[in-house]
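Before any comments, here is the structure.
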Amino acid sequence: MTLHHFILIIHLLAATVWVGGHLLLAICYLPTALKKKDPHIILNFERKFEALGMSSLALLIVTGIWMAYDFGVTAETWFHFSSGFEKVVSIKLILLFCTFICAVIAQFYVIPNLNEKNINRIAIIILSVTSIGIAMLILGSTLRYGGL
Ligand code: HEM
C-alpha cells in the first residue's frame, strides 16, 4: 500500500462519518423533531456527534489537500478552473466554504434561540449541509476518471 492509498482510506472513512452522520440526522432524527416540534432531539444529536463530526471534517480537509498536492493541484492552481482535476478540487473547496458558512449561521444565529416555532430554520441548515456533503462525495468519485 502506498502512502497516497493510506491517506485515501482515511479520507473515505472520514467521508463515511461526515456524510453518514448527517444522513442519519436528516433521515431519522429531523423528521421526528419536526413532527414533535422538539428542537432538543436535534440538539442532543448535535452534541453527541460534534466531536466526531468536526474531527472527520478536519481529516477530510487535511487528507483532501494532501492528495490534491500529490496530483500536482497546489494552492497556486486553485480556482483557475483549467484542468478537470483542479476544477473538482476548487469546487470542493468552495463547497467546504459553504459548509463553514452554514456552521457559523447555525452556531451564532439559529441554535442560540431555537424553539418549537422556528425549528424549520435548523431543518434548512441540516438539509443544506447534508446535500453539500453528498455533492462533495459525488465530486470526489469523479476524480478517478480525471474530474469534470
Ligand atoms: C465533505 C467533504 C468531502 C467528502 C464527502 C469527500 C469525498 C470523497 C470521495 C468519496 C472521494 C472518492 C475517492 C475514490 O473514488 O476513489 C474523494 C476523493 C478525493 N477528494 Fe474528497 N471529499 C471531501 C472533501 C475534500 C476536500 C476538502 C478536498 C481537497 C480540497 C478533497 C480532495 C479529494 C481528492 C484529491 C480526491 C482524489 C483521491 C484519489 O483518487 O486518489 N476532498 N473525496
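The values are calculated or read from the model by the stated rules, or taken from the named source; none is laboratory data. Just so it is clear, the structure is predicted and the values come from calculations on it, not from any experiment. Every residue, glycine as well, gets a Cβ built from its backbone with ideal geometry; the counts of neighbours run over all protein chains shown. All accessible areas refer to the heavy atoms of the entire protein, side chains included, with ligands and DNA or RNA removed. Shrake-Rupley method; radii C 1.70, N 1.55, O 1.52, S 1.80 Å.
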Subject >> Principal-axis tilt of helix 3-24 within the chain, Cα atoms, nearest 10 degrees >> reply: 20 degrees
Original post:
Taking the Cα-to-Cβ direction at Leu52 and at Ile27 and moving 7 Å from each Cα, how far apart do the two end points lie in nm?
Top reply: 1.6 nm
Original post:
Mean separation of Cα pairs under 8 Å and 6+ residues apart, divided by the residue count of the chain: what relative contact order is that in percent?
Top reply: 31 percent
Original post:
Placing +1 at every Lys and Arg Cβ and -1 at every Asp and Glu Cβ, with all other atoms neutral, what dipole size does region 3-145 have around its Cα centre, in debye to the nearest 20?
Top reply: 480 debye
Subject >> Förster radius 30 Å - calculated FRET efficiency between Thr2 and Leu95 (Cβ-Cβ, nearest 0.05) >> reply: 0.65
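Accessible area per residue, 1.4 Å probe, Å², for the chain: what's the number?
That works out to 60 Å² per residue.
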**OP:** Under a cut-off of 30 Å between alpha-carbon atoms, report the lysines in cross-link reach of Lys37, not counting same-chain residues fewer than 8 places apart.
**Re:** Lys48, Lys117
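By accessible area of protein heavy atoms, probe 1.4 Å, what ranking do Cys98, Cys28 get, highest first?
Details: Cys98 50, Cys28 70 Å².
So, going from the largest accessible area down, we get Cys28, Cys98.
For region 3-145, give the percent of accessible area contributed by carbon and sulfur heavy atoms, probe 1.4 Å, rounded to a whole number.
Numbers: 5950 of 8410 Å².
Of the solvent-accessible surface of region 3-145, carbon and sulfur hold 71 percent.
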Original post:
For the residue pair Arg144 and Ile9, what label-to-label distance in nm results when each label sits 7 Å from Cα along the Cα-to-beta-carbon direction?
Top reply: 1.5 nm
**OP:** Specify the residue with the greatest mean-square fluctuation among Leu43, Leu60, Leu12, computed from a Gaussian network of the chain linking alpha-carbon atoms under 10 Å apart.
**Re:** Leu43
Original post:
GNM, the chain, Cα, under 10 Å: largest mean-square fluctuation among Thr77, Thr130, Thr99?
Top reply: Thr77
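Probe radius 1.4 Å, ligands and nucleic acids left out: which of Glu50, Glu76, Glu86 has the largest accessible area, and how do the rest follow?
Details: Glu50 95, Glu76 130, Glu86 5 Å².
These residues rank, largest area first, as Glu76, Glu50, Glu86.
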Subject >> Top of Ser128, Ser90, Ser82 by mean-square fluctuation, Gaussian network on the chain, Cα under 10 Å >> reply: Ser82
Original post:
Once the Cα atoms of helix 39-70 and of the chain are each reduced to a long axis, what angle between those two axes, in degrees from 0 to 90 to the nearest 10, is obtained?
Top reply: 10 degrees
**OP:** Place +1 on the Cβ of every Lys and Arg and -1 on the Cβ of every Asp and Glu in the chain, take the dipole about the Cα centre, and give the residue among Ser141, Phe79, Val89 whose Cα lies farthest towards its positive end.
**Re:** Ser141
Original post:
Does anyone have the angle between helix 119-142 and the longest principal axis of the chain? Alpha-carbon axes, 0 to 90°, nearest 10?
Top reply: 20 degrees
